[in-house]
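Worksheet: the structure to be examined is printed underneath.
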Amino acid sequence: MTAWWKKAVVYQVYPKSFQDSNGDGIGDIKGIISRLGYLEKLGIDAIWLSPVYKSPGVDNGYDISDYEAIDPQYGIMEDMDNLIAKAKRHHIRIVMDLVVNHTSDKNKWFVEARKNKDNPYRDFYIWRDPVDGHAPNDMKSGFSGSAWQYDEKTGQYYFHLFAPGQPDLNWKNPKLRQTIYDMMNFWLDKGIGGFRMDVIELIGKDPDKKIRENGPMLHPYIQEMNKNTFGNRDVMTVGETWNATPKIAEEYSDPARHELSMVFQFEDQGLDQQPGKEKWDLRPLNLGELKKVLVKWQTKLDFNHAWNSLFWENHDIPRVISRWGNDKEYRVQSAKMFAIVLHLMHGTPYIYNGEEIGMTNYPVKSIDEVEDIESINMYKERLAQGYSKDELIHAINVKGRDNARTPMQWSDDAEAGFTTGMPWLHVNPNYVDINVKNALADHNSIFYTYQKLIKLRHENDIVVNGDFELVSTDDNVLAYYRVLGNERWLVVANLSSKQERFTSTDEIQRILISNYDLPETLLGMTLKPYEAFAVAVKK
Ligand code: GLC
Ligand code: CA
């Protein structure tokens, strides 16, 4: 039997920006509950909920101070229980974000740990003596600066792969691991649909050997976690793994290994940055390279022993139409193209809130408009290194994480109907046109393309289980077959803003979906900018 999560489409909710229910300008759980009907109409099966746990909010909830409490800005535990129960009535499962590489420095474990070297929680974290009066080594934090923070009180450094307010947990400590498993079971017992595991590839780290991701103990830990928590429950698990190759993805997701359902891989993220440099060091995307990466993950991963997820966007990466498509004259066409080409691939698709109505990046003019710690730290660091303000603001506009974090655009009411108060982050001024209300009223909108793609997946096993076969075309066109039994579907997408040629002798049996009107024959076609379609053809 095919697992439910192989047939599912998952929708990511970024709670701070989804829907405010009490006018404080911050999205909340009651707000999410009020939008379940909308999500059911879209047709999704599960919500991946970015963190709503108690947190000082240094990294918007990815710094947890209490794993078994809800942050007051989002509501109370009763709201969360309601969300789980009410979502179920809308046929939606709630997948929680599991952030266990690190906690907040305000977590009681860390508050205890830093008190003295003999504290029972000391060993929940990673402490090292100074070396020659300096940090133990030159490892860097993902949010700029050293990964080591000196703590006066006990005269040792603690390790943090993200902000100093996010101390890394010491997974070598079996007591810490058991504490995490107990916490996971607390949530599983509430009937959640699974976990999205934040930077899970880091938990096997070895700071003394400067090993960050894919450390030697990574997979043993995940296997142990599986056995002690979700292993015999009908839930999905997806690991955030920035450095996965297809082989590594198989290690995580081969059912025989009892680890995770699937991973998020990010190989495409490096395509518009200079090799060996940081994400801010921009270079233009080459569509041929994008195509190569997409095809690689369809063909090099053995779907009989592995599973993968499919996504363009999340809260850490910019809006795809602004980044690789066209958010001006071809906004609608390119949004539908990205949807069609991805959602008919092999794997579980994810939609990031707002993607389904074609929300775009937000152009900031100065650093005062920026909320994200990653962008702010980078800006300060690089300014000191001599970069110009203009080039840094440009990089933030292209790659900054706030781009995808602006409030959800529900209507053309004030603040896009997100809040009756002052939103915590600026609403994109294009909300007067780009909003859910308009999308629902227009039967040709991006929303209905997503709705139809979800329906196609739910109703056709070929989308879930069909083989993927690449069709040879020029670089700017991606065409593939999905094949199952005596069915064959052809998916064609022009990734570019120019006209492209496509030809095939296949006979169209049925048009499944398209973003322009289709001719009767595929012979000698001229594809319009961002044209994409799927047709059933004779096998
Ligand atoms: C993941 C999250 C990101 C967060 C980081 C540290 O990459 O998606 O938002 O900043 O981990 O938790
Ligand atoms: Ca609120």
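The values are calculated or read from the model by the stated rules, or taken from the named source; none is laboratory data. These figures come from a predicted structure and were not determined experimentally. Reconstructed Cβ throughout: ideal geometry from the backbone, glycine too, with neighbour counts over all protein chains shown. All accessible areas refer to the heavy atoms of the entire protein, side chains included, with ligands and DNA or RNA removed. Shrake-Rupley method; radii C 1.70, N 1.55, O 1.52, S 1.80 Å.
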Note to self: As an exercise: evaluate residue 260 against (1) in a loop (DSSP other than H, G, I, E, B); (2) touching a Lys or Arg at 6+ places or on another chain (Cβ under 8 Å) and give the number of the one condition it does not meet.
What the structure shows: (2)
Margin query: Give me the residue from the range 494-521 that is free of Cβ contacts under 8 Å to residues at least 24 places away in the same chain and closer than 17 Å to residue 472 by Cα and, out of that set, least open to solvent (accessible area, probe 1.4 Å).
Written below: 503
Checklist line | Residues that are within 21 Å of residue 60 (Cβ to Cβ) and open to solvent by less than 30 Å² (accessible area, probe 1.4 Å), drawn from the range 374-391 | finding: 374, 375, 378, 379
Notebook entry, point to check: Restricting to the range 421-438, what's the tally of residues that are part of a helix (DSSP H, G or I) and surrounded by fewer than 20 Cβ atoms within 10 Å (Cβ to Cβ)?
Noted result: 5
Note to self: Quick check on the range 69-87. Is at least one of its residues within 14 Å of ligand 1 (Cβ to nearest atom) and crowded, with 19+ Cβ neighbours inside 10 Å?
What the structure shows: no
Item checked: Check on residue 470, under 15 Å from residue 2 (Cβ atoms), modelled with pLDDT of 95 or more and assigned by the TED database to the domain that holds residue 518 -> no
Checklist line | Subset of the range 303-318 (residues that are within 16 Å of ligand 1 (Cβ to nearest atom) and touching an Asp or Glu at 6+ places or on another chain (Cβ under 8 Å)) | finding: 312, 313
Note to self: Being within 30 Å of residue 308 (Cα to Cα) and out of contact with any strand residue (DSSP E or B) (no Cβ under 8 Å at 6 or more places or on another chain) narrows it down to one residue among 415, 459, 469; which is it?
What the structure shows: 459
Next item on the list: With the condition kept exactly as written, say whether any residue in the range 400-420 is open to solvent by 40 Å² or more (accessible area, probe 1.4 Å), in a loop (DSSP other than H, G, I, E, B), touching a residue at least 12 places away in the same chain (Cβ under 8 Å) and on the phi < 0 side of the Ramachandran plot.
Entry: yes
Check: Could you say whether any residue in the range 274-293 is more than 16 Å from ligand 1 (Cβ to nearest atom), free of Cβ contacts under 8 Å to residues at least 60 places away in the same chain and touching a Leu at 6+ places or on another chain (Cβ under 6 Å)?
Finding: yes
Note to self: Would you confirm, using the coordinates I've provided, whether residue 328 is assigned to a loop (DSSP other than H, G, I, E, B) and under 26 Å from residue 357 (Cβ atoms)?
What the structure shows: yes
Checklist line | Pick from the range 1-24, criterion surrounded by fewer than 18 Cβ atoms within 10 Å (Cβ to Cβ), in contact (Cβ under 8 Å) with a residue 60 or more places away in the chain and of a type outside the set (Lys, Arg), ranking: nearest to ligand 2 (Cβ to nearest atom) | finding: 24
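Residues checked against (1) touching a residue at least 12 places away in the same chain (Cβ under 8 Å); (2) open to solvent by less than 30 Å² (accessible area, probe 1.4 Å); (3) in contact with a strand residue (DSSP E or B) (Cβ under 7 Å, 6 or more places away or on another chain); (4) among the aliphatic types (A, V, I, L, M):
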| position | (1), (2), (3), (4) |
| --- | --- |
| 318 | yes, yes, no, no |
| 332 | yes, no, no, yes |
| 337 | yes, yes, yes, yes |
| 357 | yes, yes, no, yes |
| 361 | yes, yes, no, no |
| 364 | yes, yes, no, yes |
| 370 | yes, yes, no, yes |
Next item on the list: Identify, from the list 294, 301, the residue that is buried (at least 18 other Cβ atoms within 10 Å of the Cβ) and in a loop (DSSP other than H, G, I, E, B).
Entry: 301
Next item on the list: Return the total of residues in the range 475-493 being more than 30 Å from residue 323 (Cα to Cα) and either touching a Gly at 6+ places or on another chain (Cβ under 7 Å) or buried (at least 22 other Cβ atoms within 10 Å of the Cβ) (or both).
Entry: 2
Next item on the list: Would you check which residues across the range 25-39 are closer than 17 Å to residue 405 by Cα and either among the hydrophobic types (A, V, I, L, M, F, W, C) or open to solvent by 20 Å² or more (accessible area, probe 1.4 Å) (or both) and list them?
Entry: 26, 29, 32
